[in-house]
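Chemist: Dropping a structure here in structure tokens format, bear with me for questions.
The values are calculated or read from the model by the stated rules, or taken from the named source; none is laboratory data. Computed from a predicted structure; not experimentally measured. No Cβ is skipped: glycine too gets one built from the backbone with ideal geometry, and neighbour counts run over all protein chains shown. Heads up: the accessible areas ignore ligands, DNA and RNA and are worked out on the full protein's heavy atoms, side chains in. Shrake-Rupley method; radii C 1.70, N 1.55, O 1.52, S 1.80 Å.
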Amino acid sequence: MAAAAKVAVAPGTPTTTTRHRVSTTLAVSSATPTTVRLSSLQHKQEAAASTEVVAPAGVRAKAMVTPPLACMWQEVQGAGDWRGLVEPLHPLLRAEIVRYAQLVEACYRVFDLDPRSKRYLNCKHGKKQMLQAVGMHGAGYAVTKYIYAAPDVAALHIGLGRSCSKSRWIGYVAVASDGEAVHLGRRDILVSFRGTVTGSEWLANFMSTLAPARFDPGDPRLDVRVESGFLSLYTSDDVSGKFTTGSCRNQLLSEISHLVAKHKDEEISITLAGHSMGSSLPLLLGYDLAELGLNSYPNNGNGDGSIPITVYSFAGPRVGNLEFKDRCDQLGVKVLRVVNVNDPVTKMPGVLFNEGARVLAGRYELPWSKACYVHVGVEVALDFFEAGDIACVHDLQAYIDKLLKCTDDITVGSDSTMDEGGVRGRVIASMFEPWRWQMAAIRAGELMQALGI
């Protein structure tokens with residue numbers, strides 16, 4: 001593996017790719033996917049860790065000392081489209097990527113995969129105990145609501161039983177505690193989603209036709225189209241569900257609106273994160289909130305600005321067409337996509353008809369352009385593969401362990417909420433717990449679906 005970073009820049013034509021070796025900070029936009037190779041990242045970290053400077057007080061300190069997150073949280077959340085933060089990957093951004101990835105991984109760790117359990121395909125723990133149960137008692141968030149969802153797969157007419165489409169636990173809503181809000185510089189409202197597990201969710205992945213989102217009844221914007229399976233998962237209502245109180249969409253809009261009203265006198269951020277299929281729901285939710293104006297402070301209680309919406313997508317597929325991407329950009333929905341270039345799921349749907357097949361010679365729009373899927377946001381493209389473990393290319397823990405968790409050399413500046421011992425990292429240990437083997441089988445099935453096997 002080359003020691004230098006590899007950067008893919010789309011200079012103007014979607015089908016043209018230029019690669020450069022870089023040694024300085026690169027301004028990155030949604031049109032400039034960046035590949036950060038692991039060997040290059042580790043080399044830079046080792047070099048930084050061995051470099052010391054003399055602090056003003058005469059104390060020797062590492063050159064990688066960074067200011068507190070509270071001083072630059074807007075930039076880390078994408079206020080400037082992450083320009084100058086992606087390559088090289090800024091320590092604070094890397095730490096936040098890891099933190100949100102772990103909060104997403106918690107969804108898998110608490111998901112009950114035991115068919116004999118009364119909580120089968122639901123969360124094993126109550127809201128107050130959830131994060132503590134997976135060793136994240138210091139996460140700094142309080143879970144306020146569990147989210148349930150199921151797509152409407154009746155239209156497929158393939159003879160599945162009704163139980164296939166029952167609503168299942170798919171994620172949670174949480175809000176930063178008082179202490180964490182001081183550390184983050186704002187009150188963070190988090191929504192975290194798991195990926196594909198149930199049979200109906202697998203079927204939703206196959207429903208790859210584009211359909212109008214129609215989120216704003218006053219202006220349905222029929223040209224804004226998204227994958228019909230993801231849309232069904234987001235909007236379908238299972239009235240027979242044991243835990244549900246409406247569609248996934250209604251549950252989320254209601255809870256987020258409640259939390260925004262509760263903290264209206266504070267600075268707020270809305271962070272939406274998910275893995276695999278679970279990356280599509282944050283993007284739909286972020287667009288929905290912004291389109292309806294629900295990311296506004298009630299009565300302008302904290303200024304005239306909108307509440308920033310940031311999506312952290314891990315190994316996520318494409319979700320909608322170009323008009324969907326453009327509308328997300330217009331509404332200010334910031335999306336950071338962390339992908340493995342060897343992961344086939346990130347190339348779905350739209351393997352053939354995608355952003356690279358919309359125009360000819362960079363000027364002539366092709367007849368099928370409206371039916372093309374397009375990725376949204378800024379891409380951090382990582383490159384890793386293990387011949388003996390093909391499922392690792394899509395596994396969230398592999399993303400964390402192999403690419404994103406190298407934070408030992410990061411020293412965050414003065415912070416009164418620092419954990420005891422000065423460590424903010426909340427690394428989830430042990431890759432050999434039983435749940436990981438169960439999830440590995442699910443991930444392998446997801447890869448086979450993506451490959452058409």
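Chemist: Contact list please: Cβ distance under 8 Å, first residue in segment 87-103 and more than 22 Å from Ser192 (Cβ to Cβ) and at pLDDT 95 or above, second residue polar (S, T, N, Q) and open to solvent by 10 Å² or more (accessible area, probe 1.4 Å), pairs at least six apart or on different chains.
Modeler: Listed by first residue and then by second, the contacts come to nothing, as the list is empty.
Chemist: Take the residues in segment 114-168 that are of a type in the set (Ser, Thr, Tyr) and over 23 Å from the mean Cα position of the chain (by Cα); name whichever of them is modelled with the lowest pLDDT.
Modeler: My answer is Ser163.
Chemist: Quick one: Pro220 ticks every box in (1) in contact (Cβ under 8 Å) with a residue 60 or more places away in the chain; (2) part of a loop (DSSP other than H, G, I, E, B); (3) open to solvent by 10 Å² or more (accessible area, probe 1.4 Å) bar one, so which box is it?
Modeler: Going through (1) in contact (Cβ under 8 Å) with a residue 60 or more places away in the chain; (2) part of a loop (DSSP other than H, G, I, E, B); (3) open to solvent by 10 Å² or more (accessible area, probe 1.4 Å) one by one, Pro220 breaks only (1).
Every residue, every condition in (1) out of contact with any strand residue (DSSP E or B) (no Cβ under 8 Å at 6 or more places or on another chain); (2) closer than 23 Å to Ala398 by Cβ, yes or no:
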{"position": "Gly80", "(1), (2)": "yes, no"}
{"position": "Gly84", "(1), (2)": "no, no"}
{"position": "Leu89", "(1), (2)": "no, yes"}
{"position": "Ala101", "(1), (2)": "no, yes"}
{"position": "Val104", "(1), (2)": "no, yes"}
{"position": "Phe111", "(1), (2)": "no, yes"}
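Chemist: Which members of segment 129-141 meet the condition of being closer than 22 Å to Arg186 by Cα and open to solvent by 50 Å² or more (accessible area, probe 1.4 Å)?
Modeler: Passing the criteria: only His137.
Chemist: What's the number of the condition Thr244 fails, among (1) modelled with pLDDT of 95 or more; (2) assigned to a loop (DSSP other than H, G, I, E, B)?
Modeler: (1)
Chemist: What number of residues within segment 171-217 are open to solvent by 30 Å² or more (accessible area, probe 1.4 Å), closer than 17 Å to Leu113 by Cβ and either hydrophobic (A, V, I, L, M, F, W, C) or assigned to a strand (DSSP E or B) (or both)?
Modeler: Total satisfying the criteria: 1.
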